[in-house]
Amino acid sequence: MFNKVKFNEYEQFFNQEHSQSFELLEGEGVVIVSAPHSVEQTRNNQIKYAEPQTGVLAKMLHDVLNCPVIYKTRNCGDDANFDENSSYKQALLEYIKNNNIAFLIDLHQLSPTRDVKINIGTGRLKNISKFEFINLALKVFSQRNIGLIQIDEPFDATYPFTISSYISSACNISCLQIEMNSGIVRVDTDDSQVEKVFDALVELVKSISEMIQGEQR
């Protein structure tokens, strides 16, 4: 399922110049995937590093599952995961409300110097409607022996203008912020586990979709 050639191709995509701030790829299902830091962002007048593999994984999830995804393609002096007003967040909000989206997965990257490999941010449980969503996330990553998994540490997605917190409140849907150690989501590192991470994300989107759609029947 994991395509290394496509992964490398998409990494180049996020290294190129783009005229628009973000792209939203429409799709099917009740889960949308977001990558607001896939290119450099500006927070408090300081440039912050890009997290390009988040955008790569989002695009690959769209390819495999045809789930809707949104990702940044250009730094316009903004940070969609921090600023109160954001065209990225507004487009995401409108798509969710107009397409019966019931769940958001927001992808981010952690510093490779951290011990934690996967950080699941829940807003201290405020951004989710049921604990089963956390259990699903724990299951898909722990079964693949990716490494240390932590809930709400070091990042909890409680700041009101993070994507997860904002969308959960504005759209009344559950959201998980998934932070992945940068060392394991690249293909050129000794501890790369990007194929496992991608497979876990595929299973997570499928499992959440099945749970929600089963409840809606």
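Since every read-out is calculated from the coordinates, none of them should be taken as a lab result. Just so it is clear, the structure is predicted and the values come from calculations on it, not from any experiment. Please note: Cβ atoms are built from the backbone with ideal geometry, for glycine as well, and neighbour counts cover all protein chains shown.
Take the residues in segment 8-42 that are under 18 Å from the mean Cα position of the chain (by Cα) and more than 17 Å from Lys72 (Cα to Cα), then tell me which one is surrounded by the fewest Cβ atoms within 10 Å (Cβ to Cβ).
Glu28
Would you pick out the residues in segment 1-41 that are β-branched (Val, Ile, Thr), closer than 19 Å to Ser164 by Cα and either without any contact (Cβ under 8 Å) to a residue 24 or more places away in the chain or part of a strand (DSSP E or B) (or both)? Break it down stepwise before answering.
Taking segment 1-41 and keeping what is β-branched (Val, Ile, Thr), we get 5, 30-33, 39.
Still in the running and closer than 19 Å to Ser164 by Cα: 30-33, 39.
Residues satisfying the conditions are Val31, Ile32, Val33.
For segment 178-199, indicate whether the set of residues that are over 16 Å from Phe2 (Cβ atoms), of a type in the set (A, V, I, L, M, F, W, C) and surrounded by fewer than 17 Cβ atoms within 10 Å (Cβ to Cβ) is non-empty.
So far as segment 178-199 goes, no, none of its residues is over 16 Å from Phe2 (Cβ atoms), of a type in the set (A, V, I, L, M, F, W, C) and surrounded by fewer than 17 Cβ atoms within 10 Å (Cβ to Cβ).
With the structure loaded, tell me whether Ile128 is in contact with a Lys or Arg (Cβ under 7 Å, 6 or more places away or on another chain) and closer than 23 Å to Lys206 by Cα or whether it fails that test. It would help to see each step written out before you state the result.
Working: in contact with a Lys or Arg (Cβ under 7 Å, 6 or more places away or on another chain): no; closer than 23 Å to Lys206 by Cα: yes.
Judged against the criteria, Ile128 is not a match.
Out of all the residues in segment 43-53, is one or more of a type outside the set (A, V, I, L, M), crowded, with 22+ Cβ neighbours inside 10 Å and out of contact with any His (no Cβ under 7 Å at 6 or more places or on another chain)?
Yes: one or more hits.
Sort out for me the strands (runs of 3 or more DSSP E) sitting completely within segment 113-211 that have 2 or more residues that are in contact with a strand residue (DSSP E or B) (Cβ under 8 Å, 6 or more places away or on another chain), free of Cβ contacts under 8 Å to residues at least 24 places away in the same chain and of a type in the set (D, E, K, R).
Those strands (runs of 3 or more DSSP E) do not exist here; none qualify.
If Gln53 satisfies all but one of (1) of a type outside the set (D, E, K, R); (2) touching a strand residue (DSSP E or B) at 6+ places or on another chain (Cβ under 9 Å); (3) over 17 Å from Leu204 (Cβ atoms), what's the number of the condition it fails?
All conditions are met except number (3).
Can we say Ile151 is buried (at least 16 other Cβ atoms within 10 Å of the Cβ) and under 16 Å from the mean Cα position of the chain (by Cα)?
Considered against the rule, which asks whether it is buried (at least 16 other Cβ atoms within 10 Å of the Cβ) and under 16 Å from the mean Cα position of the chain (by Cα), Ile151 comes out as no.
How many residues are exposed (fewer than 15 other Cβ atoms within 10 Å of the Cβ) and hydroxyl-bearing (Ser, Thr, Tyr) if we restrict to segment 111-128?
Of the residues in that region, 2 qualify.
Regarding Ala58, is this residue surrounded by 15 or more Cβ atoms within 10 Å (Cβ to Cβ), small (Gly, Ala, Ser), in contact (Cβ under 8 Å) with a residue 40 or more places away in the chain and in contact with a Phe, Trp or Tyr (Cβ under 8 Å, 6 or more places away or on another chain)?
yes
Restricting the search to segment 42-73, which residues are closer than 18 Å to Met180 by Cα and part of a helix (DSSP H, G or I)?
Matches in segment 42-73: Pro52, Gln53, Thr54, Gly55, Val56, Leu57, Ala58, Lys59, Met60, Leu61.
Quick test of your reading of the structure: Ala80 fulfils all but one of (1) in contact with a strand residue (DSSP E or B) (Cβ under 9 Å, 6 or more places away or on another chain); (2) aliphatic (A, V, I, L, M); (3) under 20 Å from Lys4 (Cα atoms). Name the failing condition by number.
(3)
Scan segment 166-198 for residues that are among the β-branched types (Val, Ile, Thr) and within 15 Å of Ile120 (Cα to Cα) and report the count.
Residues meeting the conditions: 2.
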